[in-house]
Amino acid sequence: MIPVQPAAGDAVPAPDSHRNTPAQPEASPARLFAGPAPYVVRTPWRPLAGGAAALGVFAASTMAVVIAVIGIWLLDGRDFAALGNDPLVQLGATLIQQAVMIALTLYLAALYGGTMTGVLALGRPAQGPHVYIVAFFLFLAAMVVMSLISNALAPNANEADVAVFKGMFTSPLWPLALFVVGVGAPIAEELLFRGFLFSALANSRLGLVGSAVLTSLIFAIVHPYSLAGRVEVFAIGLLLSWLLVRTGSLRVTMFAHSLNNTIQALLMLAGADSWL
């Protein structure tokens, strides 16, 4: 059959765009628990190089803090013990560490043909915006369970772990402390650990599960807490890794991490060591 050409001025029917296009799965929060994992490894970094780079970022951010504190000590004249107990110095040093960590992680993610959005999984969650509500209640329930277990096994561990933060939240600088703990820390730590390091480790035989375990272990080690505190941080790291894999978005893990830290910070503002 010879195709009939439309006459000049006739409207040309639009092609059926759905004919050869596979149906896209519905963006539903229920997909958080079922279906294929939306997370895709999009990093040019190999595990050893990525791990070394992540270690370098952490070391550089720590060194920046040391240099800043030494500079303050030389200008101020007080001993290190006094500086260490000064909330302004504590918060300033923490902000410097977070800023350096964020800047270097974003820089590394853009190297070797990578993109910040792809390498760090900064796109929107596959389930749509409603998944944040599900993540909120899921993480809240997990925090209750972990707190019950922690309080039963090591009743005084949490009080010792948060002691270093109490001076910040009992000072007039508590709004800045709330920002540092509830916003700065989740962004910096998620970018480096669940964003950059996770993708580099997953780009190997470790796969997603092995990467989740190893990243969470490193995440727990770098936190200067008690053994019980580190076990809790490790469990939180595993849950955050699961959220990353199931949503495909670091935005959700930042949100959940911020939820955890903000609740802990509000408890310290209220004068409580634990919420249970």
Listed by range, helices (runs of 4 or more DSSP H) wholly within the range 30-122 having at least 2 residues that are in contact (Cβ under 8 Å) with a residue 24 or more places away in the chain are 47-76, 87-109, 116-119
Number of the exception - F196 against (1) under 29 Å from Q90 (Cα atoms); (2) surrounded by fewer than 14 Cβ atoms within 10 Å (Cβ to Cβ); (3) at pLDDT 90 or above: (2)
Would the range 150-165 turn up any residue that is crowded, with 18+ Cβ neighbours inside 10 Å, under 23 Å from A37 (Cα atoms) and hydroxyl-bearing (S, T, Y)? no
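Could you tell me which of the residues V65, V57, V69 is crowded, with 16+ Cβ neighbours inside 10 Å, of a type in the set (A, V, I, L, M), closer than 30 Å to L173 by Cα and modelled with pLDDT of 95 or more?
V57
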Considering only residues that are surrounded by 14 or more Cβ atoms within 10 Å (Cβ to Cβ) and of a type in the set (F, W, Y), which ones fall in the range 110-133? Y132
Any chance R78 is farther than 23 Å from V252 by Cβ and basic (K, R): yes
In this structure, does R230 turn out to be under 23 Å from I149 (Cβ atoms) and crowded, with 17+ Cβ neighbours inside 10 Å? yes
Please enumerate the residues belonging to the range 247-276 that are in contact with a Lys or Arg (Cβ under 8 Å, 6 or more places away or on another chain) and either of a type in the set (D, E, K, R) or without any contact (Cβ under 8 Å) to a residue 24 or more places away in the chain (or both). R251
Identify all residues within the range 151-187 that are within 22 Å of the chain's Cα centre (by Cα) and of a type in the set (S, T, N, Q); write none if there are none. N158
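The values are calculated or read from the model by the stated rules, or taken from the named source; none is laboratory data. Predicted model, so just to flag it, every value in this text is computed and none were measured. Neighbour counts are summed over all protein chains in view; Cβ atoms, including those assigned to glycine, are modelled from backbone coordinates with ideal geometry.
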